[in-house]
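This report concerns only the one structure given below.
None of the figures in this text is laboratory data; all of them are computed from the coordinates on show. Bear in mind the structure is a predicted one, so any value in this text is a computation, not a measurement. Cβ coordinates were reconstructed from backbone atoms using ideal geometry, including for glycine residues, and neighbour counts include every protein chain displayed.
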């Protein structure tokens with residue numbers, strides 16, 4: 001299972017200013033960029049369903065040239081939900097009550113389907129009274145064309161192109177374009193790996209697509225760039241690790257003891273023990 005919320009949180013929190021520059025340029029112009037402070041995650045209990053909901057990202061920022069602050073709440077939504085706008089209002093109300101600061105709510109709709117425009121409004125009205133008209137800013141990735149972001153010198157663009165409106169036959173090309181853009185940004189190795197890993201998760205190509213990708217990357221002369229070689233090496237290591245873990249899980253299912261599994265796969269004892277726990281919890 002892909003932990004979508006974690007991946008998006010890591011990306012946006014690491015490149016928060018770049019995220020604002022790309023999707024919320026007016027907000028980016030109004031804030032003191034040195035004032036950005038991420039607040040601890042709030043956990044709310046949904047009294048209707050009984051489920052606990054965790055806020056994805058909450059940043060306190062200061063208006064430029066002013067001593068007043070406001071909050072930017074960013075939520076990633078990886079699946080469609082009929083009453084999501086209502087849930088966003090509940091988040092807003094509870095955060096507003098807790099912090100007593102203006103809140104700018106933002107949602108990244110990151111699912112592939114459906115491609116209809118999602119609602120960004122929750123209202124409560126009567127025939128003689130408009131009680132509530134709550135709105136939030138939406139970034140619906142499956143309605144954005146990846147081609148519009150090809151020339152954006154922005155690491156968030158390099159990552160999120162992988163989740164935009166992509167035809168199946170375009171997947172290898174988009175992956176190559178994401179990496180081409182990434183190699184131009186002069187990021188440190190850790191941030192390069194964060195974005196290349198994000199792209200690798202969401203554009204996990206099959207064997208046929210991988211061949212097209214290699215040809216496309218070679219035509220772009222990406223294979224000559226050191227940054228690209230480092231990304232490919234990292235993917236190969238991750239792929240080998242996943243293969244070892246799959247073999248270990250199969251051996252554990254057959255009843256083989258941990259020490260023997262570790263010896264065969266090259267994993268250490270702790271790693272095999274963690275896999276055994278996952279296997280037990282999955283039963």
Open item on the list: If the elastic network links every pair of Cα atoms under 10 Å, which of 15, 126, 70 fluctuates the most in the Gaussian network model of the chain?
Closed with: 126
Open item on the list: Run the numbers for residue 148 and residue 99: contour at 0.36 nm per residue of separation, minus the present Cα-Cα distance, in nm.
Closed with: 13.9 nm
TODO: State the Kirkwood hydrodynamic radius of the stretch 145-209 in Å, one decimal place, computed from all pairs of distinct Cα atoms.
DONE: 11.7 Å
Task: For the stretch 116-175, convex hull volume per residue from C-alpha positions, Å³ - done: 100 Å³
Task: Stretch gain in nm, segment residue 69-residue 3, where the contour uses 0.36 nm per residue and the Cα spacing is subtracted - done: 20.6 nm
Open item on the list: Which of 154, 165, 121 ends up with the largest GNM mean-square fluctuation for the chain, with Cα atoms connected below 10 Å?
Closed with: 121
TODO: Give me the angle, in degrees from 0 to 90, between the Cα long axis of helix 207-219 and the longest principal axis of the Cα atoms of the chain, rounded to the nearest 10.
DONE: 80 degrees
Task: Estimated FRET transfer efficiency when R0 is 41 angstrom, pair residue 133-residue 188 (beta carbons, to 0.05) - done: 0.40
Task: Over the stretch 35-168: Kirkwood hydrodynamic radius from C-alpha pairwise inverse distances, Å - done: 16.8 Å
Task: Per-residue [θ]222 nm for the chain (sum of -39500 (n - 2.57) over DSSP H runs n ≥ 4, rounded to 500) - done: -15000 deg cm²/dmol
TODO: Kindly provide the Kirkwood hydrodynamic radius of the chain in Å, to one decimal, from all pairs of distinct alpha carbon atoms.
DONE: 21.6 Å
TODO: Note down the nm distance, to one decimal, between modelled labels 7 Å out along Cα→Cβ at residue 45 and at residue 223.
DONE: 5.9 nm
Task: Extension gain, residue 13 back to residue 281 (0.36 nm per residue minus Cα-Cα distance, nm) - done: 93.4 nm
Open item on the list: Mean-square fluctuation check for the chain, GNM, Cα pairs under 10 Å: which of 32, 128, 218 is largest?
Closed with: 128
- [ ] Would you please give the FRET efficiency between residue 273 and residue 37, computed as 1/(1 + (r/R0)^6) with r the Cβ-Cβ distance and R0 = 45 Å, to the nearest 0.05?
- [x] 0.75
Open item on the list: Need one number: % antiparallel among DSSP beta bridges in the chain, to the nearest 5.
Closed with: 60 percent
